[in-house]
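The values are calculated or read from the model by the stated rules, or taken from the named source; none is laboratory data. Keep in mind that this is a model prediction, so the values were computed, not measured. Glycine gets a Cβ as well: all are built from the backbone with ideal geometry, and neighbour counts include every protein chain shown. For the accessible areas, the whole protein counts, side chains as well, though only heavy atoms, and no ligand, DNA or RNA atoms are used. Shrake-Rupley method; radii C 1.70, N 1.55, O 1.52, S 1.80 Å.
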There are 4 protein chains.
Amino acid sequence: MCTALNLKTKDHYFGRNLDLDRSYGEEVTVMPRRFSIGFRKMGEINKHFAIIGMATVAEESDDQSYRNQGGLPLFYDGVNEHGLSAAGLNFPGNACYLPPVQGKDNIASFEFIPWILCQCVNVKEAVYFLERINILNISFSKDLPPAPLHWIISDRDRSVVVEQMYDGLHIHENPIGILTNNPPFKYQIENLKKYSYLRNDNAEAVKEDNPAYTSYSQGLGAVGMPGDVSSMSRFVRIAFGKENSVCDDDELSSVGQFFHLLASVEMVKGSCKTDEGRWDTTRYSSCINTDRGLYYYTTYGNRRITCVDMHKTDLDIESISRYPLIGNKSIMFQN
Amino acid sequence: MCTALNLKTKDHYFGRNLDLDRSYGEEVTVMPRRFSIGFRKMGEINKHFAIIGMATVAEESDDQSYRNQGGLPLFYDGVNEHGLSAAGLNFPGNACYLPPVQGKDNIASFEFIPWILCQCVNVKEAVYFLERINILNISFSKDLPPAPLHWIISDRDRSVVVEQMYDGLHIHENPIGILTNNPPFKYQIENLKKYSYLRNDNAEAVKEDNPAYTSYSQGLGAVGMPGDVSSMSRFVRIAFGKENSVCDDDELSSVGQFFHLLASVEMVKGSCKTDEGRWDTTRYSSCINTDRGLYYYTTYGNRRITCVDMHKTDLDIESISRYPLIGNKSIMFQN
Amino acid sequence: MCTALNLKTKDHYFGRNLDLDRSYGEEVTVMPRRFSIGFRKMGEINKHFAIIGMATVAEESDDQSYRNQGGLPLFYDGVNEHGLSAAGLNFPGNACYLPPVQGKDNIASFEFIPWILCQCVNVKEAVYFLERINILNISFSKDLPPAPLHWIISDRDRSVVVEQMYDGLHIHENPIGILTNNPPFKYQIENLKKYSYLRNDNAEAVKEDNPAYTSYSQGLGAVGMPGDVSSMSRFVRIAFGKENSVCDDDELSSVGQFFHLLASVEMVKGSCKTDEGRWDTTRYSSCINTDRGLYYYTTYGNRRITCVDMHKTDLDIESISRYPLIGNKSIMFQN
Amino acid sequence: MCTALNLKTKDHYFGRNLDLDRSYGEEVTVMPRRFSIGFRKMGEINKHFAIIGMATVAEESDDQSYRNQGGLPLFYDGVNEHGLSAAGLNFPGNACYLPPVQGKDNIASFEFIPWILCQCVNVKEAVYFLERINILNISFSKDLPPAPLHWIISDRDRSVVVEQMYDGLHIHENPIGILTNNPPFKYQIENLKKYSYLRNDNAEAVKEDNPAYTSYSQGLGAVGMPGDVSSMSRFVRIAFGKENSVCDDDELSSVGQFFHLLASVEMVKGSCKTDEGRWDTTRYSSCINTDRGLYYYTTYGNRRITCVDMHKTDLDIESISRYPLIGNKSIMFQN
């Protein structure tokens, strides 16, 4: 399961927790403008916007042509050079992928992020593309069946959620700029209303003359907040954290606050066992400065924030740049 | 408000979140064996166990004699060279400090941690000292009234909570090795029972033939877990996290897991406003390897784990060693 | 706000709580087979199934012709002689009534219950009617604007929910046979899943060797159940009560259990204040034996169950029979 | 498990739910002033205040002398002619009964209610008696081991809770006038504070400009209220209901409101299974007008309120008056 978040201070930030019971060798990857990307049903695009994001890089695919470009990045999330960001989050039981439909833009689920980020500068343009899209039920390779996903797409000022379900493709405005997993987005928004009255202060007691009702702790105004890691509860918790978030608007404070917010919905190892008996855990957390192309991340094993700067790579080449996650050199010794 | 935690893998770890609406210039401090410490009513001790811990170092006090030893550390938490650890946590409205009592060990609240850690090698010895203790209602200085505290004292195998209240001094065994704030510890333990049945897996549905009850998310077995930051809710959440914690037993994994557990009860800036309109925030998180005298910490502004090693200082000198918190050089640039 | 419930023992029972901040003079009313009912856009029906239900009887209407039949019952809920039942429940902000549409059965919201119950013998037939229906935005009279409603329609074996919203008319199968208010039914069903794992027993503790987790009370398996009177919480609570309901199948036990279930979601006077400062309160609770045409009810002021038997009236006449609610003669003196 | 409640309108009312997995043939019983009652260790009292209450009447006891007085009532709850009321509620694992102690009033648990109600006119006098009491670990008969109980004792203006535990006998002032079961009373009071901020209205939304936070239901101010039947949750729920209770002050309204409040914490059959697989159910609910000696009750099978008037019996005789519960003649037929 996962949690995605938008936050705006002076710059705009987008990122997510990736919660899974295993890793797939994901790396921060820059796909430059001349990387030639072949869509299964939509032909090849040879010139496009550059993208930085988290991806598993497929070195061997049915189509071997990616080898000389360094492999094909299968993006989990990312941002393009215009600040348009996207992330795919698990949506099991609700995502519905279909056979190709004539007259539509037929896109495999693993092609969704590059299809949008390579071609659109903002959400408005993305929505224009989304209205023609049909997400295909095809696998990247024999060994990789398509993951059931929904997507969040954001720019500085707007965010939408895309869900292709049995009853069609839905594009929802996302006024709070967050996403988790099941149930579908509109259910999450409806559920959130139940928690409208949670407060970040200790509101005055209703019957303050009664000694049985006296304040014994900070934070009583938010009693009723759900604390488990189910996707509805994480949605409520991150919404509350974001709504009430306070931080300075400089880069360090903003990035730091972003990771604090993500930590409040983190999946700690041991707290969530899957039906297969594995541990659903936050593999990485990311925070992208979408205005400046800076990809910050932490991993479960390395709390130190690490950053890859898109603009320190050559964006006009054909081959991807790969930055394997630094997972364990995290501790600074002060003496 | 605060949260303290013990965790044992191969080594034993003790630490805490310090949640306050301001900082008091706290630093990691090593008090060596020959540091001469004068207790207000108990005379001077010139030779004792060395301590590493977080402290505000008082450079000016009524008694100026600490100047040549580098100042007097007022400990928030710490461990001695035998692995006995202690921390004071906020306990407003319940802590009750008293005038001196003849025949008792009369100790000011700000002397409590050094009194115990300087002289005891384990909880058994600490309890022996505690049975004679009377905690005094005296200020460190005119400007520093005593903070209302209760304490957790732990070694590898045992943990106790000490609460001096209007009805006397209580020493509670602490079988789960955690502490937060109000209400008194025995209330927290009683309240915890209500959550005995929270699970880290998706237990089988009671009526699994009913389509209305199908699993849509991981983590449903823990629905009902409180998610706010009041002290009772943090107690339940950290208890659940600890009980279910899974991690490798090497140093990096253990320390990392410890900080993940503390993050689940962190106070994010903006989420908790005090009655004075200030932000109750997690100032620092600490994790001490009590077997090896390693003090790890992070701050709200610096997620990178920083470590001070007690045994890299000279423990046989008279002056304290001070390590100001590294608060903002946290980010590693990967390109 | 309101709660509706179906329960089957030997016979089938249907009923509801009516929760409002005032009363509208409702009475148990029998509409016999030859009562001539004129629909605003659908003409007159002179022969139809008889209905017993709770209704406000309009004695003065734009169309004065009802006077000689005893007035026009505006039904809140009811059952017909074939055991088909229906109830309207408040649905503010979501109900969407429309102008007449050619080719549709154009029915005012206050005509909905008689339109279905007069003509259909079971849910299957009702659904056939519902597929052609268009619910009109017209008032019963100048003083009575249409209430925003959704409906539950049930027979012994099947239940559906009807919601005409801005995006069209929805007919939902209702596998659990309950209804409250906002949000729309499919959201309620989705929300219910979060509570799949609530149990009516004290399941074994996960860590039963830990003394901190011992059972201190019955009912701990259902900790996490919401207890407030918001419509989502009442939905979860009545669903749990119904799923776990145990009772003998005779008439007295069944009717008694039905009222106990409704009491668990009752709105007690004082517990819920509307924005206008009035008390949202359970005005009446009803339980209809749909197989035998027995309408049982209690009121907020009279806990004693009172019964009106449809088949003790002449069902072949033209005029309604009215039974004003007995609101205050409830107490039996045993000495 | 059980719930007890005090409520004052014009008169004062006291009563309770008795929640058990079986019945013991309880009856409303009047013990008149000249009923000769023999306490096991405290001798006989031949003249005392009259009591009305719910009791199992023991017709056969080790001491056969009660036969000619109609049997010995073992009271669950009751009131004396001066308006002092008392009830015993289940307190398993915490109640601690002791051997006789010289210099104390040694009273068996089954003698507790008559000991107090026979001799005291108000809580002040009761406390005077309580300070000398020692509750004995003796059985009424070979087949009836003592039930583990704590007690609530109330007059119009004051209420106390009595708990004899391993650490002594505690007398707690009870400012809210309610009692349930475990944990001990002071824990319940402490736990209640967590819910200080639950409201009976829809308080203004914190961020009302945000469309994600709009009010969709009445009652959102109390989201977070626990809805299960565990004893801590019932305590919170009845406290909220009482604090916010609104009703007219006449007899019918007051008694009706009392039963509505008790219904909000009722145990519905099927919702709570004991470890032995039996159904913990509300056997009876009672409401005593303590000013006028009127004992109102309902049973699980009979919602109609039935009343026994103490003052319609001869209070100056020697034999008890018994009123078996009317359990099933509850329904009024209106036609």
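Looking across the range B:288-314 at every residue that is more than 11 Å from chain A (Cβ to nearest Cβ) and open to solvent by less than 10 Å² (accessible area, probe 1.4 Å), the one that is farthest from residue B:261 (Cα to Cα) is identified as B:293.
Looking across the range D:105-142, the residues that are closer than 24 Å to residue D:83 by Cβ, of a type outside the set (S, T, N, Q), assigned to a loop (DSSP other than H, G, I, E, B) and out of contact with any strand residue (DSSP E or B) (no Cβ under 7 Å at 6 or more places or on another chain) come down to D:120, D:121, D:131.
If you go through the range B:222-249 and keep only what is more than 13 Å from chain C (Cβ to nearest Cβ) and either open to solvent by 10 Å² or more (accessible area, probe 1.4 Å) or in a loop (DSSP other than H, G, I, E, B) (or both), you end up with B:228, B:229, B:230, B:237, B:246, B:247, B:248, B:249. Taking the range C:1-60 and the strands (runs of 3 or more DSSP E) fully enclosed by it, the elements with 1 or more residues that are within 20 Å of residue C:155 (Cα to Cα) are at C:2-8, C:12-20, C:27-31, C:51-58. Residues of the range C:89-123 that are in contact with a Gly (Cβ under 8 Å, 6 or more places away or on another chain) and closer than 22 Å to residue C:143 by Cβ: C:109, C:112, C:113. Restricting the first member to the range A:183-194 and to residues that are more than 8 Å from every other protein chain (Cβ to nearest Cβ) and without any contact (Cβ under 8 Å) to a residue 60 or more places away in the chain, and the second to residues that are open to solvent by less than 30 Å² (accessible area, probe 1.4 Å) and assigned to a helix (DSSP H, G or I), the beta-carbon pairs closer than 6 Å and six or more apart or on different chains are A:188/A:235. Number of residues in the range C:71-130 that are small (Gly, Ala, Ser) and in contact with a helix residue (DSSP H, G or I) (Cβ under 7 Å, 6 or more places away or on another chain): the value is 4.
Out of all the residues in the range C:263-270, is one or more under 27 Å from residue C:90 (Cα atoms), at pLDDT below 95, open to solvent by less than 40 Å² (accessible area, probe 1.4 Å) and more than 9 Å from chain D (Cβ to nearest Cβ)? No, that holds for no residue. Within the range A:64-86, the residues that satisfy the criterion of being among the small types (Gly, Ala, Ser), surrounded by 21 or more Cβ atoms within 10 Å (Cβ to Cβ) and within 18 Å of residue A:140 (Cβ to Cβ) are A:78, A:86. Taken over the range B:275-287, the criterion of being touching a residue at least 40 places away in the same chain (Cβ under 8 Å), in a loop (DSSP other than H, G, I, E, B) and open to solvent by 10 Å² or more (accessible area, probe 1.4 Å) is satisfied by B:276, B:278. The single condition among (1) at pLDDT below 95; (2) within 7 Å of chain B (Cβ to nearest Cβ) that residue A:277 does not satisfy is (2).
If you go through the range D:144-180 and keep only what is touching a Leu at 6+ places or on another chain (Cβ under 6 Å) and not in a strand (DSSP E or B), you end up with just D:155.
Of all positions in the range C:177-189, at least one carries a residue that is open to solvent by 10 Å² or more (accessible area, probe 1.4 Å), of a type in the set (Lys, Arg) and within 22 Å of residue A:182 (Cβ to Cβ).
Scan the range B:251-262 for residues that are open to solvent by 10 Å² or more (accessible area, probe 1.4 Å) and more than 7 Å from chain A (Cβ to nearest Cβ) and the total you get is 2. For the range A:147-160, the criterion of being closer than 21 Å to residue A:44 by Cβ, in contact (Cβ under 8 Å) with a residue 24 or more places away in the chain and open to solvent by less than 50 Å² (accessible area, probe 1.4 Å) is met by no residue. The lone criterion from (1) touching a residue at least 40 places away in the same chain (Cβ under 8 Å); (2) open to solvent by less than 40 Å² (accessible area, probe 1.4 Å); (3) within 17 Å of residue B:114 (Cα to Cα) left unmet by residue B:18 is number (3).
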